[in-house]
1. Restricting to the range 398-429, name every residue that is part of a helix (DSSP H, G or I) and in contact with an Asp or Glu (Cβ under 7 Å, 6 or more places away or on another chain).
2. Condition (residue is out of contact with any Leu (no Cβ under 8 Å at 6 or more places or on another chain) and in contact (Cβ under 8 Å) with a residue 60 or more places away in the chain) applied to the range 79-98: is it met by at least one residue?
3. Listed residues 135, 74; which is farther than 30 Å from residue 178 by Cα, β-branched (Val, Ile, Thr) and either touching a strand residue (DSSP E or B) at 6+ places or on another chain (Cβ under 6 Å) or surrounded by fewer than 13 Cβ atoms within 10 Å (Cβ to Cβ) (or both)?
4. Do we find that residue 197 is more than 23 Å from residue 29 (Cβ to Cβ) and either in contact with a helix residue (DSSP H, G or I) (Cβ under 7 Å, 6 or more places away or on another chain) or not aromatic (Phe, Trp, Tyr) (or both) in this structure?
5. What about residue 27, is it surrounded by 15 or more Cβ atoms within 10 Å (Cβ to Cβ) and over 45 Å from the mean Cα position of the chain (by Cα)?
6. Could you grab the pairs with beta carbons closer than 6 Å, sequence gap of 6+ or different chains, first residue in the range 252-272 and in contact (Cβ under 8 Å) with a residue 12 or more places away in the chain, second one surrounded by 12 or more Cβ atoms within 10 Å (Cβ to Cβ) and polar (S, T, N, Q)?
7. Looking only at the range 36-58, how many residues end up being within 18 Å of residue 100 (Cβ to Cβ), out of contact with any Cys (no Cβ under 6 Å at 6 or more places or on another chain) and not β-branched (Val, Ile, Thr)?
8. How many residues does the range 30-47 contain that are surrounded by fewer than 13 Cβ atoms within 10 Å (Cβ to Cβ) and part of a loop (DSSP other than H, G, I, E, B)?
Amino acid sequence: MQNLQLQLADILQYDQFQSAECMAGNTNRLVKWVHIIENSAVGHLMKEHELILTTGMGIHKDVDTFERFLDELIAKNCAGLCIEYGRYIQSIPTTILQKAKKHQFPIVVFHEEVSFSDITQEVHRQIISHQYQLIERLEAYTHTLSKASLTSNRPEALLEVLVEAIGGQCILQLTDEKAVYYPKCDATKKALLEKEAPLIKEILLLSQQYGQLKWYGLHSGIESLFLERTALFIAQIILRKLYSIEKEAVAQQLWKQDWLEGRLSKSEILQHLEKEHDRIRIKQMTVLYVNVANGQLEGQEGFDDVYFTLYARNVFEKRGFTICTTNHQDHYYMIIFNQRDEASMMSRLREAVLKIKKVFKTDTVTRIATGKTVESVEDVPTAYETARTTMYIRKVLQTTDCFYEDVLLGHMILNLQQTMDVKQVMTQYLGPLIAYDEKHSSELIPTLRTYLATNCSKQETAQKLYIVRQTLYHRLKKIEELIGMDSSEPHHRMMLEMMLYAKEFIEKSSKIHE
């Protein structure tokens, strides 16, 4: 393709370089800027691809100074060194030329006096001109890519557009798919390509790597920009394709709701699963419940349920899960199948859920809850019901805990309420303390809760309550007198913690139903 970046060889054709001679090095180096340097001590400030002009005033005194200056320019990968023969330098030392040739570093000499300001002005004008040309070329290429991506749903179609623009050989390697070569090549050429170093751009989809686009050819420095644009449009084609598949899957999800609500037999469930998933391991399952109240994905207006399920599927599959999704209005349910080892399931599940939560703005917008882990497809309705219950517990306690295992006491309280009067049992244990606090405006209940939460540490309890130890001893003695038990004794402690939890749960749930 036409080289849209300025090279030293181009500059040597300018009128100002009629008396110039290249003494050493490769003139195909890129030039991104020009500097006039007369002080060898500032060589370390130079940057890559900068062309240096000098009369030699700062390096003519001895060869060692000249060599140190050259070493710095080589280390910085500068574009070259242009020296005007005259008052300070009339020839280049042999050792300098030998080092420059060894490193293919260009040294250009002017046999006549030249205007450095004219050279600088002309080179900078050409650099800016080349940059404008590059922008125009990229815009035209992007337009061509856009048209091609709209007329084809095959990512490979864009490879032809890329090769037509910059030449060379490209390879598209998508995850779990066969590599696509364009132009097509035989096994011999494929083997030769493996020995070369290609330009590589990742195909990113939903912030995850979905493949790589590789390009082989002569580098002029700008091919990576064309490669980057192509990779972006390939990702868009793949996303549209996945979006279409997910949309169709969402439309065919009625049977999943029947499954969650216990209206399907085991054979019916397995029959449906076999149609949707070729190979699925049915060992550990749970249900994720997502409630989106006017939900918005960060950076988007409105909530797209198809995009949400597509994103969630990507997150879970990367962590070893297969999912089935269904939704109703603002409620989304995901049946999650663990496909890896059982021991790490919870840690991977937590990592995936936290990743999804992070995409959403806050817990007030998006609430997530998980159900109990089950091992049979017939028990998935249990996971479904416990996920809904976890969501209710979150609402009651106003907590960010979203995992079934983190709110087990809440589940226990709700289960007990179906067979007994939990409030009556709670009053039996804590009634004397509640009555005493109400009558004397004391804080025995908060003291007991803090004492148990600190593992019965008197020092830590006093610090958290901002009271002296003597006051704490008095309160603990009064608590033991009123409830008739030692709160530090393991069995009593367990019962008291449960009753304190029940008290909080009953009080907060009653406010919700008011």
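1. Step one: list which residues in the range 398-429 are part of a helix (DSSP H, G or I), which gives 404-417, 422-429.
Passing the criteria: only 407.
2. Within the range 79-98, one or more residues are out of contact with any Leu (no Cβ under 8 Å at 6 or more places or on another chain) and in contact (Cβ under 8 Å) with a residue 60 or more places away in the chain.
3. Details: 74 fails: either touching a strand residue (DSSP E or B) at 6+ places or on another chain (Cβ under 6 Å) or surrounded by fewer than 13 Cβ atoms within 10 Å (Cβ to Cβ) (or both).
So the residue among 135, 74 that is farther than 30 Å from residue 178 by Cα, β-branched (Val, Ile, Thr) and either touching a strand residue (DSSP E or B) at 6+ places or on another chain (Cβ under 6 Å) or surrounded by fewer than 13 Cβ atoms within 10 Å (Cβ to Cβ) (or both) is 135.
4. Working: more than 23 Å from residue 29 (Cβ to Cβ): no; either in contact with a helix residue (DSSP H, G or I) (Cβ under 7 Å, 6 or more places away or on another chain) or not aromatic (Phe, Trp, Tyr) (or both): yes.
Answer is no for this residue.
5. Details: surrounded by 15 or more Cβ atoms within 10 Å (Cβ to Cβ): yes; over 45 Å from the mean Cα position of the chain (by Cα): no.
In short, no.
6. Filtered contacts from the range 252-272: 253/326; 256/326; 257/326.
7. Result for the range 36-58: 7.
8. Pass one, the range 30-47, residues surrounded by fewer than 13 Cβ atoms within 10 Å (Cβ to Cβ): 39, 41, 44-45, 47.
From the residues that got through so far, the ones that are part of a loop (DSSP other than H, G, I, E, B) too are 39, 47.
Going through the range 30-47 one residue at a time, the tally reaches 2.
The values are calculated or read from the model by the stated rules, or taken from the named source; none is laboratory data. Being a predicted model, the structure only gives us computed values, none of them experimental. Please note: Cβ atoms are built from the backbone with ideal geometry, for glycine as well, and neighbour counts cover all protein chains shown.
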